[in-house]
Structure formats: C-alpha cells, structure tokens
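Since the structure comes first, as structure tokens, the remarks are kept for the end.
The values are calculated or read from the model by the stated rules, or taken from the named source; none is laboratory data. If you're wondering where the values come from, they're calculated on a predicted model, not measured in any experiment. Don't worry about glycine lacking a Cβ; one is built from the backbone with ideal geometry, like all the others, and counts go over all protein chains shown.
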C-alpha cells in the first residue's frame, strides 16, 4: 500500500518538475576561465598549422602535407614500419637502407616512444574510419601535442599560482617561438611528446608530495608520475633533465629540512617505476642505471633514507655516528664503482650541454647549428622583453618558499643554463619560462586588479586640495603591462608570425631564407631517384640529406642525422674534400653508384651561401681532419696534402675564408679557375668544389651566359641536376640539387 502511494502519477510529475528546476552551479569565473582556456588551445593549435599554406597546390587546391627538418622523416619511417608490421616487429629490424653497409639496428639505436605513440593513435583513428594517410597524420601530430601541452601547463600553473597563472602560462607557451618551431606542422620529432611529458611529470610529482593529500591518492599520483617518467626516458634523450631536476629539487628540500616520509615514498615509487620502464627499453638497457645522472638519483635516495634513520635515532651522538658511517659508505662505494668503470660519465652532446667548452673538441657536434652555444641575441629574440617578467617571476617565487615555488625556481634556473648552453634546448626552457612569466605578470597585476575591484581613497595633496586616485590609475597600469607584453609578441617584428609562417624545410629547399613560393628542387630530385633508381642503389651525400634520400628518395645512403658512426661521417667528409683520385678510392669501399651535392647560387652564377654545401664544406674538412693520421696510414693521401681539424688551418689550406661562404679557394673571388692562375688551389681541386661549380656553370650554360665549362670531371658524369630549368630562382637565389653517376676507372 505504501509503495503504491510513492509511485503515484502526481509524485512522478512533481519529480520531473523538480528535475527541470535543477541548474548546474557554474560561476561566472569558471565560465570565463573555460572560455579563455578554449581560446588559448584553439590559438595554440591553429597557429601551428600556418605552414600548411606552403603545402597547398595552387592549381588544384589540394594539400599534400610533408614533414619538416630531417629527423622527423626517420620518425615517420619508424612509425610506418610499426603500422605495417606490428608493434613488436621493430625489435628485430635492421634498416639496411641506412648507414650502408652495416645498416641501422633500430631497437638498439633509437627511442621508440614517439613512433609507438603515433602508430597506436593512428591505428585507433583508422579503425574509427578516419581517412587520413600516415604522412599527413604525422605532420599534424606535433600541433596536437603542442595544444595538449598548453592544456597540461594550465593545470600545473593553476596548482602553482591559481587560475590566472595557469591561463597566462598556457598563453605564453602557445606563443613561445622555440616551442612553436618544434611543434609546428611537420615537426614530427621527440620534442612533441617530450615537452608534454615533462609538464605532466612535474604536475603529477608535485601533487604526489602534497602533505594534506590522502595516502592512497599520493600513491596514485606517484605511480602516474613514474609511468610518465618512464615514457619520457623511452621517447627523448633529454630525459636526463627531469631526472636530474627532480633529484636536485628533492636534495634542496632536504637541505631546507623539509624531509617527510611522504617525500621518501613518492621519490621511491616514482623513480622505481620510471627507471624500471627505462631499463627495459632496448636502446637504454640496464646500463642506463650506471649513468652519472641516474647515480645521482641513487645518492639522493640514500640521503632520504639517512634522514628517515636520523629521525628514529634517540640521541645526538648516535646521529653523528650514523652520518659518518653513511658518508664513508657512500664515498667508498662510489669510488669503488668509478674505479671499476661501472659508472658511466656523460659523453657526446650530453657532456657538451653541461660543459659547453668541450664542444670545440668535436667538429661533428659543433657543425650542427642547433648544438651551438646560444648568443645573447638569440636568447633575446626567443624570449623577447618577456625576460623581464621571467626575472620578476623568480622574485615572486622567492617571496614564498613553498615546495612548488622551490621547484619552479630550480626548474627556471637550470633550464636557463641549458638553454644558454645549446640553442636547441631553448625549447626545454619554454615551460619554465611560461610559468615564471605567468607568475611575474600575475604578481604585478594582482594589486592593480584589487584596486579596480575596491578602489581605495588615496589622497594626494595638491595646491588646490586633495585629489583621489581611483580606477583610472589601475587601468592605466594594467594597460601598460599589456603593451609591454605585446612588444614581446608583435613589435618591432612579429616574431611569432614569422616563426609560424615559415614553410617546412623540404618545401623551402633547406634554404636559409624564406622563399617567395614553395621550392621544388629537392622534391623533384627525390621523385627522380624514387622513380629512376632502385632501393639498393647506394648514394653518397653529406649526412644532412641522408633521411630525405632514404625515406623520400627510396635509395640506400651512407649516413644521416642519426650520427651513430662518426668514422663513416669522417670518410664522407674526406671524399668531398679530397681530389677526385683520392675520393674515388674511398667511394669504392662502399660501392657507391651516385654522389649528390647541394649548392645555392645567385643569378650571376656566384655562390649564394643560402644553405648549400658551399657553406658546409668547412665542416666536412674539420670533421674529416680529426682522422688525419688514419687516412695517411691507409695510403689514401700524403702527409703534405692532408689537413687537420683546426678551422684556421683548414681555411688557409683550402683558400681564403675571410668572406665566409663566398668562395672555396677562389683566389680572385670570381667563382672560377682563371687562366692566369698557374695552379688551382687545393680547394679548387677538391671534389666538392668541382661538383658544385660544374652545376653552377651548367645553369649559366642553360641561360646562354656561358658557352664552355671550365670544370672537367674525371670520374663523375651528370645524372640529374634539379633546378637547371629555374631561371629566376627564389628571390634571386637558385638552389641546385646535383646528382652525379660515379664512373670507376678499370683498375679500381
């Protein structure tokens, strides 16, 4: 009977009416925040798609998305192999089209994080019926990750300084020039997932060490941060940075006497899971645990354990004894491991980041523009006037030494050091910069915003009586801060616009300037090799172009940007800098069938130095000069002819270099061997000079500006020169991609 009364018609209708009266309790602040965040995310995504205009064919209106730079093409090849052959097939893949003849063992020499992620997502969207080719998906992938990173930094900034800091940090990251460059259309490389992982890791770790959080929640956040750290290690070599950053942060907390059992728990779980994932990556192996950065993690863990033991010690005497025993064990154990060679010191580019002065000893690293030390002009161009707010943010963070602000200080200062050490790592500074600028701007605006809400009656005595300062003063101050921030984005040069409006590298022909239209020469050359040559055809080129030739041109190459075999790169450098007779001996070792060079000239036939090999030859000489003794001992060249790795000696030997890229051993700076010169210089005898100059003279010949070629090639014949039919060039610059058939002498 009671049940019937409950389920009457009237009660049912009343219930429906009450449900209709329910309104979600969403305040105006939440709506404004959500709207602002959505706009920032749309800006972050949309601005990274600007290079798409260069990929649209004006005749058909169709878009053919390509990748940018060089490394993304290998990441695409890796992803495609996983999509075609399964998620485990890459473990046994030796890519024989790269680094011929030994090939490239992918599992042992590459990070799988990005390709596995992209392949997994691509499989899902393909199963859902989204019709997009893999190249286009990989081209769009960085823009999506850039947008997600802005979302992640909003939550991190919100935890640090509230919603305003979160929104400001997301906006500044969305418009950060270096980060735009590394997440724009086509830049399918490790940074796309690396920066997102760095932000997510910091967010999760800082939440995990909160003291007022339930222990179950702490463990969940610690496990999540450990999983993200492991993913970071599997995706990007810069994983040493968050590892070292976190260890340094926890060490500082210990020095500040902020040790807690929760800190020990979170640190143990995070690094335990993260490093467990890392050592199971085939490229890293358990040897990863013996690297200097990871050994530092073990040292800080030992200090945490010591702090816990000291808390349990009953007397001061026993605490001192425990500390002495502990220090003796740590120092002795580390010395023993170091002596036995079980601790691996930082090497290669990792060492050059920590100590930039070691870079001069390796021309191979110094030759890469993004590996060079950041000049002050580079820093200012990248950070703009926002660096003032970055410093102000450091000041406000110092005013409140809670755990998050301590982390932010360490994050900001260490990332600034590494960004100064290497141009490429400006992208690593982007999250810290965005957070600190957000803190700085918010700290400056907060008092003025308060004045606008409740303007105080501040009186200023004047001759004719008191005058009250109200909202106008605060509004003017806020407007001034807004103008200053705008100068960082739009004045005097629209830096962000300039960064995003740059075409992908292959669509710009790898020129060191922005062309007036898409550059076709490289695309034409790669189409020619793909349709005329076989996948097993060995093509020798400078290592910059290896990825393009292998992936887009479908030929076999000797080297690429992976730089896994410095000896082979030295051999290639020797091939180009030696004369033809010496070069042919080296080429025979690899059974190379073709050789490729890339040069840029002006319409008068002079060197343009706009990104071609006429500006890279000095690094070919310096890198090969490191193997001087080896080449002499192998009988490839005489001692008097062989050069060293010293740049000044290289300039003197191959020709006057005072005008930079203008000429290679050209005595009269007129781009040819003149009749009044009894002997051409060693630079003009070099293989690289002859191949470049031959192509330049062929272009002049096609224009009717030259009848007879001054260059005579002994062992090489023209196969295809992309750009010969380009009469005007791009803004007066003509790129020539030159492929030559190698004709070995019978006795070779």
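Points worth noting:
- Restricting segment 373-400 to residues that are crowded, with 18+ Cβ neighbours inside 10 Å and under 19 Å from the mean Cα position of the chain (by Cα), the residue that is modelled with the highest pLDDT is 383.
- Filter result (in a helix (DSSP H, G or I) and surrounded by 14 or more Cβ atoms within 10 Å (Cβ to Cβ)) within segment 94-108: 106, 107
- Restricting segment 264-309 to residues that are outside any helix (DSSP H, G or I) and modelled with pLDDT under 90, the residue that is nearest to residue 324 (Cα to Cα): 291
- Where residue 554 falls short, out of the listed (1) surrounded by fewer than 24 Cβ atoms within 10 Å (Cβ to Cβ); (2) touching a strand residue (DSSP E or B) at 6+ places or on another chain (Cβ under 8 Å); (3) at pLDDT 95 or above: (2)
Residue-wise test of (1) within 26 Å of the chain's Cα centre (by Cα); (2) in a helix (DSSP H, G or I).
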position: 505; (1), (2): yes, no
position: 513; (1), (2): yes, no
position: 516; (1), (2): no, no
position: 524; (1), (2): no, yes
position: 535; (1), (2): no, no
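- Residues that are modelled with pLDDT under 95, closer than 29 Å to residue 430 by Cβ and either assigned to a loop (DSSP other than H, G, I, E, B) or touching a helix residue (DSSP H, G or I) at 6+ places or on another chain (Cβ under 6 Å) (or both) do not occur anywhere in segment 81-93.
- Scanning segment 728-748 for residues that are surrounded by fewer than 18 Cβ atoms within 10 Å (Cβ to Cβ), within 23 Å of residue 529 (Cα to Cα) and in contact with a helix residue (DSSP H, G or I) (Cβ under 8 Å, 6 or more places away or on another chain) yields one hit, 744.
- Residues that are over 24 Å from residue 178 (Cβ atoms), in a loop (DSSP other than H, G, I, E, B) and touching a helix residue (DSSP H, G or I) at 6+ places or on another chain (Cβ under 8 Å), drawn from segment 189-220: 209, 210, 211, 213
- When residue 54 is tested against (1) buried (at least 19 other Cβ atoms within 10 Å of the Cβ); (2) in a helix (DSSP H, G or I); (3) modelled with pLDDT of 95 or more, exactly one condition is not met: (3).
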